[in-house]
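What follows draws every value from the coordinates through simple rules; no lab data is involved. Not measured: the values here are computed from a predicted model. Every residue, glycine as well, gets a Cβ built from its backbone with ideal geometry; the counts of neighbours run over all protein chains shown.
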Amino acid sequence: MLLTAAVLLAHWAVLRAAPLALAAHESLDAGSSWAFTTRTIAPPDSATPSSSVVKERLAAPERRLSPARPRADQGPTRPHSMGSENALAPEKYEPSAIETIATNAPIEAASVEAPTLLAAATPDPAPTAAATLPAAKAVRRFTVPPSARLKYDVKGEVKGFPYHVNGELRWAQDGKTYEARMEISHFLLGSRVQTSVGQVVSHGLEPTRFGDKVRSEVAAHFDYDKNKVTFSANTPDVPLLPGAQDQLSVFMQMAAMVGGEPSRFTKASTLSFQAVGPRSSETWVFNVGTTENLSMPGGDISALRLWRDPTGEFDPKAEIWLAPSVGYLPVRIRLTQPNGDFVDQQWRDTQKP
C-alpha cells in the first residue's frame with residue numbers, strides 16, 4: 001500500500017511539475033536584453049477572422065495520418081506539407097516587408113518569390129516623389145505548420161519512481177487564427193492541459209490567450225493595444241515585448257521559423273523569446289544543434305535538436321526535437337532536473353485533426 005501511494009504521488013507530481021511548460025519558475029527581469037525583434041509593414045486591414053474552422057478541426061474525429069515525405073522536386077525554400085486532402089488552402093497575404101533578428105548566424109537577403117502561406121517576402125514598393133523608402137531589408141519567411149494531432153508516450157522518473165502517462169498535441173490553424181492544446185493525462189489522476197489561441201500574422205503567431213489547467217485554470221491575456229500581459233491569478237502585469245509567445249505557442253512559432261527557412265538555423269545559432277506563462281513571463285533562449293535520427297514509439301524519424309540551458313539552480317535543462325516530416329512540430333520534448341528527475345515526451349502517432 002505504501003509503495004502504491006508513493007507511485008501515485010510521483011504520477012501526481014509529474015502532472016503538476018511542468019512537463020509542458022519547460023520552466024521550473026517564472027520571472028522576467030524588466031531590464032534584461034531582448035534578442036528577438038521585428039520590423040514590419042503590415043498588410044491592409046481586413047475583416048476580423050473567424051476561428052470557427054479551427055474549432056471544427058479540433059472537434060473532428062481522429063483519423064490516422066502517416067508523416068509525409070518531402071517531394072523530390074521541392075526546392076529548399078518551399079514549405080513542408082503533411083499532404084492532407086483536407087488541409088486548408090494557404091492564406092495569401094499582401095506582400096509585407098519584415099526584418100527579424102533571432103539567430104547569431106548572418107542574415108543574407110532572400111530571393112523574391114510568390115507568397116506562400118506566410119510569405120512577407122518582397123521588398124518595399126518603389127519610392128515615390130513624396131517619400132524615400134529605405135533600401136530592401138533582410139527578410140524572413142514563416143511557414144506555419146499544417147493542422148495536425150500528435151500523440152505521445154510520456155515517461156520519466158520522480159524521486160526514483162518511474163512513471164508513464166499519455167500526451168497529445170492538438171494543433172489547428174486556418175491561415176488567420178490558430179488554436180493549440182497540449183494535454184498530459186493519467187487514467188487515475190486526471191490531466192494537465194495547456195491551451196493557446198491567437199492570430200496567424202506575417203511574422204508567425206500572435207497569441208491572445210494562454211491557459212494552464214490542472215484542477216482549475218489560470219490564464220494570461222495578451223493586450224497588444226496597451227502592450228502588456230495580464231493574468232487571471234492577480235499577479236502583476238508584465239510588458240508585452242515584440243515577438244512574444246506563450247509557453248505553448250513557442251513550439252509552433254519555432255516550427256514556423258525553422259520551416260520557413262531551414263538553412264538559416266545552423267548549429268550554434270540561437271532563438272530568443274519572451275515566454276509568457278500563466279502567472280508571469282521570462283526570457284527563453286534556445287540553442288540550435290544538428291539534425292538527429294530518432295527511434296520513437298511511432299518509428300524512426302529525423303528531427304532538428306534544440307535545447308535550453310538552465311538559468312537558475314533549480315531549473316531543468318530542456319531539449320526539443322522538431323521534425324520536418326510533420327511540419328517541424330515537436331516530436332520529442334525532454335526535461336532533465338538537476339537532481340536527475342526527468343520527463344521524456346516521445347512521438348507515437350500523427351493523425352488528422
Reciprocal mean inverse distance between Cα atoms of the stretch 229-353 - Kirkwood radius, Å
15.7 Å
Given labels modelled 7 Å from the Cα in the Cβ direction, how far is it in nm from residue 233 to residue 267?
3.9 nm
Shape metrics for the stretch 196-244, restricted to C-alpha atoms - Rg then Dmax, Å:
11.5, 36
Residue order, fewest to most surrounding Cβ atoms within 10 angstrom, among 241, 205, 271
241, 271, 205
Express the Stokes-Einstein translational diffusion coefficient of the stretch 204-293 in µm² s⁻¹, to the nearest whole number, given a Kirkwood radius over alpha-carbon pairs, 25 °C and a viscosity of 0.890 mPa s.
173 µm²/s
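What is the calculated FRET efficiency for residue 166 to residue 214, with r their C-beta to C-beta distance and R₀ = 25 Å, to the nearest 0.05?
On the way: r = 16 Å, r/R0 = 0.63.
Rounded to the nearest 0.05, the efficiency is 0.95.
Grab the Cα-Cα distance for residue 287 and residue 302, subtract it from 0.36 nm times how many residues apart they are, and report the gain in nm with one decimal. Write out the running numbers ahead of the final one.
Working: separation 15, 0.36 × 15 = 5.40 nm, distance 1.80 nm.
Going from the current span to full extension adds 3.6 nm.
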